[in-house]
Amino acid sequence: MKTMNEHFKLNNILAGLIVAVVALPLCIAFAIASGAHPMAGIISGVLGGHIAALFGSSRFQVSGPAAAFITIIYGIIASHGVTVLLASTFLAGVVVLLIALFRLGRLMELMPHSVIAGFTCGIGILILLSQWPVALGIDAKGEDIVAKMLYTFSHIDEAKPVEPLLLAITLLITVLYSRTRFVRWVPAPLVALAAGGVFAYLLEANHLPVRTIGEMYHVSLRSLSASASFLGHFSVLTDEQLAEVLIAGVTLGLLIALETLLSSRALDAMTRSTHDPNRELVGHGLANLAVPFLGGLPVSGVIVRGSTNVMAGATAKSSSVLHAVFLAAFIALLFPLVGMLPLVSLAAVLILTAKRLIDLEESRRIFRIDRSEGLLVIATALLTVTIDLTVAVPSGVGAMLILALRRMINEKQIDIVERGEGSSLLVESSVTFLNSAALRNEIARHLSADDRVRRVHEIDLTNSRAIDVSGALMLAELLVSHPDVCVAVASGERMLQLRHAGIREGRIMVRGNRVVDMPSVYRGIKASPALGKSLPHRS
């Protein structure tokens, strides 16, 4: 009973209510922008959000349809239809569960930040471009967003001036409202829809109609029904179509896992809490297995809703569960109003969402930290816009790996340390095939230096993290022409490596974490005429 009371305290109930208010316009807007029915977004928010919260790990995560999937979903629906999208979503759920089953959740968090910033920026640009036909009141046709833009430019004479006017009014009101303190309790997207609805009613009264959701979509709760017919679609696909569905499903699954874990990690940083990434993926895998049976969109954790949950005072995952309950209640009670919402008001919500995704300040910060990764952000964004995420993300990760390899190849951490009669060459980097050629030249230069005062008598590898076959053979070859130089290593295992490479045992010293005989050290210091006087004498 005490646990139940803790979960359903007033702060968690209010947080769930506030997040539901934020989620309602986003679920509808993301669904329409994806080329799906508005109810598909609501199903994802209600059913997917509920399952992900129940079986996930994060106390603050709130799940539903995400802006990151709009372009992929739009492409699947335009090319293959809604049935293939449902099959791909189901397959994505399987992929997410497999990632969790093999405990690869931590590995998903290794995605380079510059690649994430790049494809996120690209998605924002695509969302922004996709809303201009809506803003102009043109029912654009095309299989992708670029095609719709070209259609819009060629049919610009069909634009309805009243639609961009309503969009401008809605954006102005929303931007001004977002600067007030009330935005914490009544979110800006809801104000955008309300303002758009009021002005649309006034324009209608003056014989200036605007397009609404009800005109474009048949919105009815009676249309909801469970169906598994999409599973049978796999059997009628050609090999080429099946390959496309598999690629779409795997891509969606990886992006769902990535988006969810990035959101969870950000929420952990905000609340100083922790989560189990694999259990979190179990919740989202199950959610994506369930939503296709009711015609829902892919589900992932969403940082906007999660951060709203935190700022609203949530302390337990019951707020996420209640968000789904409140969202269902809103639709049941306010359903007639959904059809009355103007499309340009949803466009305003999506334009504001795109603005958050196109984070120019973050891109500039990456560019200042590392020019190469800054260029990678631009390249990933361009690939996302011009081709799609299935090319942009692997290309970005591949480019990042090449950058990392180049840095490793150029890594030459070598210092000269004075020890006794000579100098020691301290090698602090790994000695592998990646950098052995560069290290060979650097070590050879020091060994061949004509400097009797700083003559190198030892190569110290005790701080070297790894030595592979290429590195060991390179060292053996160098020592052949320098018979007076020995090698120091940190372990017996490392000594065996070098012996097998051809270096004699007498030239290898093991200088690892040895146990120091302190009594012997004490006696040696005491026996010293210079140091012994400063030590206390025992009677």
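The values are calculated or read from the model by the stated rules, or taken from the named source; none is laboratory data. What you see is a predicted model; the values in this text were computed from it and never measured. Note that each Cβ is placed from the backbone with ideal geometry, even for glycine, and that neighbours are counted across all protein chains shown.
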Members of the stretch 63-84 that are outside any helix (DSSP H, G or I) and over 21 Å from the mean Cα position of the chain (by Cα)
GLY81
Could you say whether any residue in the stretch 265-276 is touching a residue at least 12 places away in the same chain (Cβ under 8 Å) and within 23 Å of LEU389 (Cβ to Cβ)?
yes
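Yes/no per residue for (1) among the polar types (S, T, N, Q); (2) surrounded by 15 or more Cβ atoms within 10 Å (Cβ to Cβ); (3) without any contact (Cβ under 8 Å) to a residue 24 or more places away in the chain; (4) closer than 30 Å to LEU252 by Cβ:
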{"site": "ASN410", "(1), (2), (3), (4)": "yes, no, no, no"}
{"site": "SER436", "(1), (2), (3), (4)": "yes, yes, no, no"}
{"site": "ILE467", "(1), (2), (3), (4)": "no, yes, no, no"}
{"site": "GLY471", "(1), (2), (3), (4)": "no, yes, no, no"}
Restricting attention to the stretch 299-326, and to residues there that are among the hydroxyl-bearing types (Ser, Thr, Tyr) and crowded, with 24+ Cβ neighbours inside 10 Å, which single residue is farthest from the chain's Cα centre (by Cα)?
SER319
Between residues in the stretch 47-62 that are in the same structural domain as ALA290 (by TED's automatic domain parsing) and closer than 17 Å to LEU24 by Cα and residues that are buried (at least 24 other Cβ atoms within 10 Å of the Cβ) and aliphatic (A, V, I, L, M), which pairs lie under 6 Å by C-beta distance while being six or more apart or on different chains?
LEU47/VAL291; GLY48/ALA287; GLY48/VAL291; GLY48/VAL299; GLY49/ALA324; HIS50/ALA324; VAL62/VAL19
Exactly one of (1) assigned to a helix (DSSP H, G or I); (2) aliphatic (A, V, I, L, M); (3) in contact (Cβ under 8 Å) with a residue 12 or more places away in the chain is unmet by LEU165. Its number?
(3)
Which is in contact with a Leu (Cβ under 9 Å, 6 or more places away or on another chain), more than 30 Å from LEU193 (Cα to Cα), among the β-branched types (Val, Ile, Thr) and buried (at least 18 other Cβ atoms within 10 Å of the Cβ), of ILE366, ILE351?
ILE366
Exactly one of these conditions fails for ILE99: (1) touching a Gly at 6+ places or on another chain (Cβ under 6 Å); (2) assigned to a helix (DSSP H, G or I). Give me its number.
(1)
Considering only helices (runs of 4 or more DSSP H) fully contained in the stretch 211-319, which possess at least 2 residues that are of a type outside the set (A, V, I, L, M) and over 23 Å from ILE70 (Cα atoms)?
239-271, 277-290
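Conditions tested, residue by residue: (1) closer than 24 Å to HIS275 by Cβ; (2) touching a helix residue (DSSP H, G or I) at 6+ places or on another chain (Cβ under 9 Å).
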{"position": "LEU10", "(1), (2)": "no, no"}
{"position": "LEU17", "(1), (2)": "yes, yes"}
{"position": "ALA20", "(1), (2)": "yes, yes"}
{"position": "LEU24", "(1), (2)": "no, yes"}
{"position": "SER34", "(1), (2)": "no, yes"}
{"position": "MET39", "(1), (2)": "no, yes"}
{"position": "ALA52", "(1), (2)": "yes, yes"}
{"position": "VAL62", "(1), (2)": "yes, yes"}
{"position": "ILE73", "(1), (2)": "no, yes"}
Being in contact with a strand residue (DSSP E or B) (Cβ under 8 Å, 6 or more places away or on another chain) and either in a helix (DSSP H, G or I) or at pLDDT below 75 (or both) is the filter here; which residues of the stretch 340-351 pass it?
LEU343
